[in-house]
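J.: One structure is given below, represented as structure tokens, and several questions about it will come after.
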Amino acid sequence: MYNHVVVSHLDDAEIDRIFHALADATRRDIVTRVLRQEESISQLARRYDMSFAAVQKHVAVLARASLVVKQRSGREQLVHGNPEVLHKAARLLDEYEQIWRHRADAIGDILSEEDE
Amino acid sequence: MTVISSHKDTEALTLTIVAEYDAAPERVWRVWEDPRKLERWWGPPTWPATFEQHDFKAGGRSSYFMTGPDGTKSNGWWEITAIEAPRRLEFDDGFADDKGERNTEMPVIHCAVTLEANGSGTRMTTVNSFESLEQLEKLIEMGMEEGMKLAEGQIDALLAED
């Protein structure tokens, strides 16, 4: 975390799209499914209690955020997941957790030293 | 054993750590208040911290640096936004340049610490929140290695943490 790695230039608008896209339960569910296995929009639409058009809109939001990729296959639109961004967010929080676990342990050591 | 739980919320951009100690809140408070104690635990193991200034009151500023394995120094600052000894401490933690001035290009993390008496001991809860999505992303980039590879279980775990 504190390693002086040069921060690359990032597109803030893109980052906002990613987190906006993930802030919806249906869209998170779609991401989870299509990360495991590619599905068509009509397959996805059957899974949710909403119209085909509504599911299509959710997929469009995810695609704009690059969380999923749409591919046309004949008459079908196939959707598959792009896990990179989720992985980045998870990694960040993991590293912070490690730092805080270390801190909490070190505080414990200081307190028990004082007891001796 | 100290840490009893942690919770990560990728949407709210928070990380919560709960730890318990066999010491009264007044003693746990001292590890935050006393800069000589604070610098024994604040820095990551390979980046020990040195607090040059620690103005432990509302609106107070602290300045510190961490020294890396190759001698590189990384400057940081705190600004205390709420303080209520020995129960509650809130502060912003950010990066500074070589002269100790705030680096506005770098992320600021808000940290809220609560100490609660728990029997003869103390339960310490720290909630870290990231100021904005772009700052989160900058931190992600800083901590990243190349060539990441994803296991499905990690996504499940991430999404299960809502």
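J.: Can you tell me which residue in segment A:21-66 is nearest to A:Val79 (Cα to Cα), limited to those that are of a type in the set (Gly, Ala, Ser) and more than 14 Å from chain B (Cβ to nearest Cβ)?
T.: A:Ser40
J.: Could I ask something else about it? In the set B:Thr72, B:Thr81, which member is open to solvent by 10 Å² or more (accessible area, probe 1.4 Å) and in contact (Cβ under 8 Å) with a residue 12 or more places away in the chain?
T.: One residue alone meets the criteria, B:Thr81.
J.: Follow-up. What is the one condition in (1) exposed (fewer than 15 other Cβ atoms within 10 Å of the Cβ); (2) modelled with pLDDT of 85 or more; (3) on the phi < 0 side of the Ramachandran plot that B:Ala12 does not satisfy?
T.: Tallying (1) exposed (fewer than 15 other Cβ atoms within 10 Å of the Cβ); (2) modelled with pLDDT of 85 or more; (3) on the phi < 0 side of the Ramachandran plot, B:Ala12 fails exactly one: (2).
J.: How many residues does segment A:23-55 hold that are under 16 Å from the mean Cα position of the chain (by Cα) and part of a helix (DSSP H, G or I)?
T.: Residues flagged as under 16 Å from the mean Cα position of the chain (by Cα) and part of a helix (DSSP H, G or I) within segment A:23-55 amount to 12.
J.: Restricting attention to segment A:48-79, which residues are open to solvent by 70 Å² or more (accessible area, probe 1.4 Å) and closer than 13 Å to A:Arg27 by Cβ?
T.: Scanning segment A:48-79 gives A:Gln56, A:Lys57, A:Arg64.
J.: Taking the criterion of being within 30 Å of A:Asp24 (Cβ to Cβ), open to solvent by less than 20 Å² (accessible area, probe 1.4 Å) and in contact with a helix residue (DSSP H, G or I) (Cβ under 8 Å, 6 or more places away or on another chain), would at least one residue in segment B:15-37 satisfy it?
T.: yes
J.: Which count do you get for residues in segment A:22-41 that are small (Gly, Ala, Ser) and either open to solvent by 40 Å² or more (accessible area, probe 1.4 Å) or within 22 Å of A:Glu84 (Cβ to Cβ) (or both)?
T.: 2
J.: If you don't mind, another one. Condition check: touching a residue at least 60 places away in the same chain (Cβ under 8 Å), out of contact with any Phe, Trp or Tyr (no Cβ under 9 Å at 6 or more places or on another chain) and over 23 Å from B:Asp97 (Cα atoms). Does B:Ala19 satisfy that?
T.: The answer is no for B:Ala19.
J.: Among the residues of segment B:9-65 satisfying the criterion of being of a type in the set (Phe, Trp, Tyr) and not in a strand (DSSP E or B), which is farthest from A:Arg103 (Cα to Cα)?
T.: B:Phe56
So that you can scan it fast, the table gives a plain yes or no per residue for (1) open to solvent by less than 10 Å² (accessible area, probe 1.4 Å); (2) assigned to a loop (DSSP other than H, G, I, E, B); (3) modelled with pLDDT under 85; (4) within 12 Å of another protein chain (Cβ to nearest Cβ):
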residue	(1), (2), (3), (4)
B:Leu89	yes, no, no, no
B:Asp93	no, no, no, yes
B:Thr104	no, yes, yes, no
B:Val113	yes, no, no, yes
B:Arg123	no, no, no, yes
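The values are calculated or read from the model by the stated rules, or taken from the named source; none is laboratory data. These numbers were taken from a predicted model, which means no experiment stands behind them. All Cβ positions, even for glycine, are placed from backbone atoms using ideal geometry, and neighbour counts span all protein chains on display. SASA here: full protein model, heavy atoms, side chains in, ligands and nucleic acids out. Shrake-Rupley method; radii C 1.70, N 1.55, O 1.52, S 1.80 Å.
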